[in-house]
Each structure stands twice: as C-alpha cells, then as structure tokens.
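Written out below as structure tokens is the structure these notes cover.
Every read-out reported here was derived from the displayed coordinates using simple, explicitly stated rules and does not represent laboratory data. A quick note: this is a predicted structure, and the numbers were derived from the prediction, not measured. As a convention, Cβ positions derive from the backbone with ideal geometry for all residues, glycine included, and neighbour counts pool all protein chains shown.
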Amino acid sequence: MTKRSYAIIGTGAIGGFCAFKLQQAGFDVHCLLGHDYHQVKACGLSLIEQNKTSIASVKAYNTPESMPQCDVIIIALKSTSNHMLQHCIKNLIHKKSVVVVMQNGIGIEQELAQVIEPHHIIGGSCVFKVTKVAPGIVKHFGFSTIELAQYYVDELCSEISEATLQVAQDLKSAKIDATPYGHLPTIRWKKLIGNIPTSGLSVILNSAITDLLTNASGLALIKEVTKECIRAARQCGAQLPDDFYEFRLSLLEAIIKMERHNISMKDDFDAKKPLELAAIYKNPLAIAKKNNAPMPLTEMIYHQLLYLEAKNIK
C-alpha cells in the first residue's frame with residue numbers, strides 16, 4: 001500500500017518535528033518554509049533529541065504554488081498567520097485530502113470551514129516540548145503526543161472518522177503518540193486548560209514556565225486559573241474525566257523536571273511577534289459567555305496581554 005503524501009504548512013518547531021518524524025518513517029513529505037528555506041533546501045532538516053542530532057532530507061519549498069497536491073495537509077503555522085491559509089491550501093488540496101489543524105486555541109476549524117468543505121478538516125491538539133534553536137534545527141526535549149478529532153458543524157457530534165483513524169495510524173508509525181477522538185471541542189478545551197494559565201502568566205510575569213512552577217505564588221496562580229478553565233470547559237460541553245485537574249497537576253510536575261525553557265508565547269513576546277490571543281483567549285471567552293460560564297481570571301489575563309502586546313509591538 002502506497003503511503004500518504006504530507007504537506008507541512010509552517011515548518012517551525014511543531015511542523016519541523018512532524019516533518020522530520022514522517023520523513024524518517026518513509027512518508028513523502030513536502031515542507032513550506034519561510035526564512036529557513038535556503039538552509040533546509042541545502043542542508044536538510046535537523047532534529048536534536050537526547051543530545052543527538054539527526055538530519056532528514058525533506059522536500060523544501062518557499063511558495064505554495066510550487067508544491068504538489070498532497071493527501072494530508074498539516075497546518076502548523078501560528079494562528080496569527082491564518083490569513084495565509086486560503087492561499088496555501090487551494091494549491092495543495094485534492095478531492096480526498098484532509099487538512100489537519102495543529103494549532104493552539106479554539107474556533108480555528110470553524111473559520112477554515114468557511115473556505116473548504118468541513119469533511120476535509122481534522123483538529124489536532126499537540127503536546128510536544130519542541131523549540132526551534134536555529135534555522136532548520138528543531139530540539140525535542142519532552143512529550144510527543146497528539147489528539148486528533150474530525151471537525152463537525154454540529155458540535156454535539158462525537159464520532160471518530162475513518163480519516164482521523166488513518167492520520168493517527170500514520171503518526172503512530174512515525175513514532176508520534178497519536179490518539180483519535182470523536183469530540184473536537186473536548187480536545188480543544190483540554191489543551192486550552194494548559195495553555196490559558198501557563199502562556200499568559202509566563203508573559204505577564206516575564207518568566208520561564210519552569211520558574212513559574214517552582215515558585216509558590218506562580219504555581220498557586222496557575223492552579224486557580226486551571227480550575228476556572230476546567231469549570232468553564234465542562235459547562236461548554238467538554239467531556240472531561242473527573243480527575244482531569246489531578247492529571248493537569250501531574251503534567252506540571254513533569255514539566256518541572258525538564259530543562260528550563262519558555263512557553264512559545266513568551267518566546268513570541270520576546271521576539272516582538274504578534275501573540276495568539278484570539279485563538280487562545282478571545283474565542284474561548286466568547287464561547288464561555290454563550291454558555292454562561294464565567295471566566296474572570298482568564299478575562300483579566302487576556303486584557304493584560306492585550307495591553308502588553310500593544311506596548312511591545314509599538
């Protein structure tokens with residue numbers, strides 16, 4: 001059986017990690033790159049794991065027009081660049097393609113469904129500890145799990161599609177721990193419960209995530225915002241297990257044991273780049289409001305980030 005072809009739109013940390021793993025597993029991988037194009041074209045894509053560097057020779061492109069149509073299109077751009085998606089996807093998609101949205105936040109699949117048919121769309125919620133350390137060089141230092149779910153216009157629909165199963169199997173064969181789910185809003189809220197407190201507080205308090213977690217006051221703040229997010233997620237229909245708060249605490253404990261590092265939003269802020277505030281804060285706050293789920297701590301973080309971002313980019 002011929003393996004599916006993959007297009008990676010946004011070959012940064014997450015996109016680069018997936019591209020490398022898929023290429024090593026024998027898939028036909030095509031990477032859209034920006035500033036890293038010449039480096040990857042000439043030298044390949046490098047991945048650092050456990051202090052060992054490996055190189056994969058991927059097919060590199062600097063325009064979507066030069067790329068072939070692919071069976072699976074992975075969107076790994078920051079959501080702040082989603083104005084580019086329609087232009088990128090129209091050249092890559094065929095009748096049986098699926099588009100896997102590997103982005104933080106919620107509401108992105110609904111926006112994409114204004115451009116392509118909903119049955120083409122799969123949401124992917126990643127828990128990868130990866131960072132781009134130099135052009136064309138990605139470092140992986142913890143976690144490599146992803147949850148996948150089909151996008152349905154009816155948010156109550158909870159069925160694992162055949163396309164979701166196929167993509168999950170591909171990623172598993174590439175040594176990425178992929179799990180298919182039926183209910184997309186659930187996996188989106190699960191990731192938000194992690195992102196909302198850690199990303200925002202890292203920027204506001206100007207701290208690496210490991211520093212926040214080893215400080216009593218920083219950890220207390222993260223815990224309170226986490227509890228608020230879990231309450232809101234449940235009220236908005238997320239299917240969370242009873243012990244989800246304890247599960248989140250166990251993940252935080254695991255992060256403490258990792259090497260000191262920043263959350264990606266903190267890196268973006270330090271680089272004076274736009275922050276993913278719409279997908280991670282504005283959209284979930286709007287959904288929570290519709291479902292009468294108060295999120296005062298999250299709303300305060302959101303407005304602080306808007307203020308800091310305006311000053312920072314100015």
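At a glance:
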| item | result |
| --- | --- |
| Leading residue at positive end of dipole, region 108-224 (Cβ point charges), from 196, 153, 108 | 196 |
| Relative contact order computed over region 186-313 (Cα-Cα under 8 Å; 6+ residues apart), in percent | 37 percent |
| Cα-centre dipole for region 106-256 with unit charges at Cβ (Lys and Arg positive, Asp and Glu negative), debye to 20 | 580 debye |
| Average projected area [Cα convex hull, region 168-246], square nanometres | 6.5 nm² |
| Around residue 115: net Lys/Arg minus Asp/Glu count, Cβ-Cβ under 12 Å | -2 |
| Cβ-based net charge around residue 170, under 9 Å, with every Lys or Arg adding one and every Asp or Glu removing one | +3 |
| Extension gain, residue 96 back to residue 54 (0.36 nm per residue minus Cα-Cα distance, nm) | 11.8 nm |
| Quotient of C-alpha Rg and 2.2 N^0.38 Å, computed over the chain | 0.96 |
| Total lysine pairs whose alpha carbons fall under 17 Å of each other in region 5-182 (8 or more apart, or interchain) | 18 |
| Span from the region 275-312 Cα centroid across to the region 182-255 one, whole angstrom | 15 Å |
| Alpha carbon centroid spacing (whole Å) that separates region 93-114 from region 70-85 | 8 Å |
| Per-residue [θ]222 nm for the chain (sum of -39500 (n - 2.57) over DSSP H runs n ≥ 4, rounded to 500) | -13000 deg cm²/dmol |
| Kirkwood Rh in Å, taken over all unlike Cα pairs in region 97-240 | 16.5 Å |
| All aspartates and glutamates inside 12 Å of residue 3 as judged from Cα atoms, apart from same-chain residues fewer than 8 positions distant | 28, 71, 170 |
| Extension reserve of the residue 267-residue 291 stretch, reckoned as 0.36 nm per residue once the Cα distance is removed | 5.4 nm |
| Residue 145-residue 81 pseudo-label distance in nm [points 7 Å out on the Cα-to-Cβ vector] | 2.8 nm |
| Selection from 138, 86, 128, by position along the positive dipole direction of the chain (Cβ) | 138 |
| Ellipsoid equivalent to region 5-182 - semi-axes via the Cα gyration tensor, in Å | 25, 18, 14 |
